[in-house]
Amino acid sequence: MADWQVFGDAQTGRLETSNLYRRAALDVIRRCEARDRAADEQLKAR
């Protein structure tokens, strides 16, 4: 393999890892927002 091919292959692997971290972070944010909405609704019901 040429050097540029090795570089491109390594970069692609890092992009996939980065995308996984992004998806995980967005999932955490969605879950926290849902939890906060539920708590807000409970407080409004009082």
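A few comments on the model shown:
- Chain lengthening between ALA39 and THR12 when straightened (0.36 nm per residue, less Cα-Cα): 5.6 nm
- For the chain, the fraction of alpha-carbon pairs in successive 10 Å shells from zero, as %: 24, 23, 19, 16, 10, 6, 2
- Lys/Arg +1, Asp/Glu -1 at C-beta; the chain dipole; positive extreme among ALA2, LEU20, ALA34: ALA34
- Cα centre as origin, Lys/Arg/Asp/Glu Cβ charges: the chain dipole, Debye: 400 debye
Here, each number is a calculation from the coordinates, and none is a lab measurement. The structure presented is a predicted model; accordingly, all values stated were derived computationally and were not measured. All Cβ positions, glycine included, derive from the backbone under ideal geometry; neighbour counts span all protein chains shown.
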